[in-house]
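First comes the structure, then the notes that go with it.
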Amino acid sequence: MPAPVPRLVAPTTRAARTARIAALATGTALIASALLATPATAAPPRTVDPFHPDFGPNVTIYSPDTPVADIRADLDALHARQVDAEMSTERQAVYFLPGEYGSAADPLQVKVGYYTEIAGLGASPEDVTVHGAVEVYNRCLADGGTGNCLALVNFWRTIANLSIDIQAADRGCRTGTDFWAVSQAVSMRRLDVAGGNLSLMDYCTAGPQYASGGFIADSRLPNVINGSQQQWLIRNSEVANWSNAVWNQVFSGVVGAPDDAGFPNPPYTTLDTTPVSREKPYLYVDADGRYSVRVPAAQHESSGVTWADGETAGRSIPITDFYIATPADSVKDINNALARGQHLILTPGVYDVAQTIKVKRADTVVLGLGHATLTAVGGAVPLEVKDAEGIVIAGVTIDAGTQLSPVLLRVGAADSDKVLDPANPITLSDVYFRVGGPHIGKATTALEVNADDVLIDHTWVWRGDHGVEGFTNGVNGDTDRWQTNTGTTGVIVNGDDVTATGLFVEHFQTYNTLWNGENGRVVLYQNELPYDPPTQADWTQPNGTLGYPGYKVADGVTTHRLDGAGVYVFNQNNPSILTANGFEVPETPGVRLHHIMTVNLSAGTVQHVVDGIGGQADNTNTGTPQFVIDYPAP
């Protein structure tokens with residue numbers, strides 16, 4: 001049976017919310033404040049050495065004095081463990097103290113596998129330089145590792161806060177190029193790359209060389225070879241040149257971005273500025289050797305890198321103000337630390353979460369290292385963010401567990417009325433979600449945003465289309481998957497003035513994204529409809545509409561804007577499945593969709609792009625997008 005349809009929440013205006021807040025009785029407010037201020041009973045805070053914080057066994061820190069041969073041997077061994085470890089529990093972070101690593105004569109060439117973060121510990125990307133290359137190649141999945149070479153499942157890895165001086169001479173096909181052949185849930189931030197090309201596809205292995213990325217922010221780049229990348233968002237960066245496009249390449253606040261006047265030939269979407277942005281927090285070591293976390297300030301209508309003229313604007317938090325957690329820590333201890341006013345670092349690992357981690361205080365930072373992962377246990381909601389401005393959640397993956405969770409991350413109370421400061425938004429950076437994949441997963445909703453003025457900066461919200469359990473081949477296996485790994489809705493946005501830059505949502509069983517709030521703004525949206533509805537009845541709305549759109553703006557919404565978006569169909573379980581529209585939005589002047597498309601990946605049909613407008617994507621035009629430049633038409 002189809003999963004239940006989520007409620008379409010009527011939009012609430014900011015003025016109405018403000019009025020309700022003003023109507024609160026003074027006594028009630030004082031009581032609430034007193035309750036929130038009551039300290040939790042807990043063990044005393046841990047002592048953190050500011051010069052040598054204990055990040056646990058899964059964090060490796062190199063200095064410029066470490067022999068290059070030793071670094072190379074270590075990271076080659078790590079890559080060998082992680083290159084095929086798509087559904088493993090190992091998490092690793094590798095950091096470089098300020099200085100230079102490798103040389104033209106002895107380059108350091110690093111390959112990055114699953115669940116691995118590679119980053120510099122400088123205050124600026126220019127403080128750590130790798131002379132060599134930091135790379136991801138295709139995975140070859142057939143013929144003993146020589147055939148079916150592609151990057152379509154090169155997920156979950158991070159590179160940040162480095163300068164890369166490409167030293168890749170005498171490497172045959174790879175000479176002069178740094179290869180970054182990746183797909184979703186891969187973050188490239190705060191890089192300064194020079195000395196050659198950056199290629200987002202690996203054209204040096206056997207075919208088909210497909211790739212489905214991706215995200216870059218706050219980076220200065222040389223000539224970029226887009227290659228086979230189906231979609232990409234590059235935000236607040238500088239680029240010397242961008243080579244080509246496939247379906248959906250978006251540039252937001254990028255100096256040197258290509259012009260998009262010819263859309264859809266090529267399919268570029270170019271915004272001069274990014275409406276709202278905040279760069280991800282990062283670890284760094286100061287000149288005295290003390291560790292801190294830099295929390296960049298939010299920007300509005302910005303462009304270019306944040307570090308071009310000196311330190312990135314924002315604030316620094318000493319590492320001694322953080323509770324440094326490990327998977328052995330209880331949620332009670334973590335919540336007590338947060339209640340004391342500490343910030344939270346989640347060291348690399350998988351955390352079983354049977355009670356909700358609650359982030360309540362304004363300006364609290366939760367920073368995951370090495371793709372730290374929270375897994376729901378017993379149907380828990382793993383993480384809740386209260387209505388408090390400036391909270392930042394970054395670098396955290398959240399997995400559904402085997403018992404149904406109502407939601408995996410809730411931002412703001414369901415009846416949220418609090419007015420927050422738009423200049424200091426709650427921010428989610430590189431927060432990823434999985435329902436299924438490494439194990440059976442069940443969640444009603446992955447991400448629910450109820451607060452106003454929230455910024456979502458790069459997320460992948462994924463109901464797994466493959467994995468280690470419940471994903472067998474054949475019709476019966478796919479039917480079992482539809483009933484076993486259940487995710488009703490990917491993202492529900494009820495808050496007003498919510499912005500998303502890099503919103504990737506895939507495979508959910510009704511709406512992948514349902515936007516109920518007013519004045520939403522999305523820059524790049526990517527969606528694949530679910531692969532596995534067994535029958536048309538399983539993929540039909542209660543009102544008889546065929547299928548669910550990949551992107552739905554609720555009927556009562558009056559203002560919304562989406563720039564650069566694609567909905568893809570691949571109904572491999574039942575190719576006869578029909579979906580009426582890739583996008584459904586109210587037809588009103590204040591709701592604008594710019595540069596949107598649908599495409600058939602080889603099975604299934606999307607009859608229209610948006611609201612009965614646009615061509616049909618089916619197996620007669622596989623791989624050929626059906627574009628709508630603007631909706632409504634100007």
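Taken together, the values in this text are just the output of simple stated rules run on the coordinates, not laboratory data. Computed from a predicted model, the values in this text were never measured in an experiment. FYI the Cβ positions are ideal-geometry reconstructions off the backbone, even for glycines, and counts take in every protein chain you see.
Please get the size of the charge dipole for the chain, origin at its Cα centre, with Cβ charges of +1 on Lys and Arg and -1 on Asp and Glu, quoted in debye to the nearest 20. The partial results should precede the final answer.
Values: 38 positive and 67 negative charges, 238 e Å.
The calculation lands at about 1140 debye.
Evaluated over the chain, the count of Lys pairs having alpha-carbon atoms less than 18 Å apart is 8 (only pairs 8 or more residues apart or interchain).
Approximating the spin labels as points 7 Å out from Cα along Cα→Cβ, the residue 171-to-residue 80 distance works out to 2.0 nm. As a proxy for reagent exposure, ranking 398, 391 by other Cβ atoms within 10 Å from fewest up yields 391, 398.
Computed from label points 7 Å out along Cα-Cβ, the spacing between residue 404 and residue 309 is 5.5 nm.
Only helical DSSP H runs with n ≥ 4 go in: add -39500 (n - 2.57) per run for the chain, normalise by residue count and round the 222 nm mean residue ellipticity to 500 deg cm²/dmol. Could the numbers behind the result be given before it?
Working: 5 runs with 55 residues, N = 634.
Dividing the helical sum by the residues of the chain leaves -2500 deg cm²/dmol.
Per-residue extension of 0.36 nm, minus the Cα-Cα distance of residue 51 and residue 414, leaves a gain of 126.5 nm for this segment. A DSSP coil position with no more than 14 other Cβ atoms inside 10 Å describes none of the trypsin sites (Lys or Arg not before Pro) in region 59-114. Among beta bridges from DSSP that stay inside region 79-220, the antiparallel ones total about 10%. Take every pair of alpha-carbon atoms less than 8 Å apart whose residues are at least six positions apart; their mean separation over the length of the chain yields a relative contact order of 9 percent. Rounded to the nearest 5, the antiparallel percentage of DSSP beta bridges internal to region 452-582 is 5%. The string of couplings for region 140-148 from the Karplus curve (6.51, -1.76, 1.60, θ = phi - 60°) is 9, 10, 9, 6, x, x, 10, x, 6 Hz, one whole number per residue in order, with x for Gly and Pro. Using alpha-carbon pairs under 8 Å, 6+ residues apart, how would you state the relative contact order of region 59-277 in percent? RCO, region 59-277: 13 percent. Listing 456, 61 from fewest to most neighbouring C-beta atoms within 10 Å gives 61, 456.
Which percent, to the nearest 5, of DSSP beta bridges fully inside the chain are antiparallel? Please report the intermediate quantities before stating the final value.
Working: 23 of 179 bridges.
Antiparallel bridges make up about 15 percent of those DSSP assigns within the chain.
Looking at the chain, do any whole DSSP H helices span at least 15 angstrom along their long axis by alpha carbon and average -1.0 or above on Kyte-Doolittle, and which?
Sorted by number, the helices that extend far enough and score high enough are 26-37, 68-82.
The calculated Kirkwood hydrodynamic radius for region 59-277 is 17.5 Å, given to one decimal from all distinct C-alpha pairs.
The orientation-averaged projected area of the convex hull spanned by the Cα atoms of region 236-358 comes to 11.3 nm².
Close amide H partners of residue 591, meaning residues 5 or more places away or on another chain with modelled amide H under 5 Å apart, are 560.
Once both labels are positioned 7 Å from their Cα atoms along Cα-to-Cβ, the gap between residue 100 and residue 261 label points is 4.4 nm. Across region 563-577, rounded Karplus estimates of 3J(HN,Hα) from the backbone phi angles (6.51 cos²θ - 1.76 cosθ + 1.60, θ = phi - 60°) give 10, x, 8, x, 10, 10, 10, 8, 7, 5, 6, 8, x, 7, 4 Hz, Gly and Pro being marked x. Only one of (i) 27; (ii) 11; (iii) 37 was calculated from the structure for percent of Cα pairs over 46 Å apart, and its label is (ii). Computed from phi, the 3J(HN,Hα) profile of region 394-400 under the Karplus parametrisation 6.51, -1.76, 1.60 (θ = phi - 60°) reads 9, x, 10, 9, 10, 10, 5 Hz, with x in place of Gly and Pro.
Taking amide H as placed 1.01 Å from N in the peptide plane, the amide H of residue 518 sits under 5 Å from that of 12, 496, 497, each at least 5 places away or on another chain.
Express in nm, to one decimal, how much length is gained between residue 330 and residue 602 on full extension, taking 0.36 nm for each residue of separation and deducting their alpha carbon distance.
Details: separation 272, 0.36 × 272 = 97.92 nm, distance 4.64 nm.
Separation in residues times 0.36 nm, less the Cα-Cα distance, equals 93.3 nm.
When the P(r) is computed for region 496-611, the part past 19 Å accounts for 40% of the Cα-Cα pairs. Relative to one another, the C-alpha centroids of region 128-182 and region 98-124 are positioned 13 Å apart.
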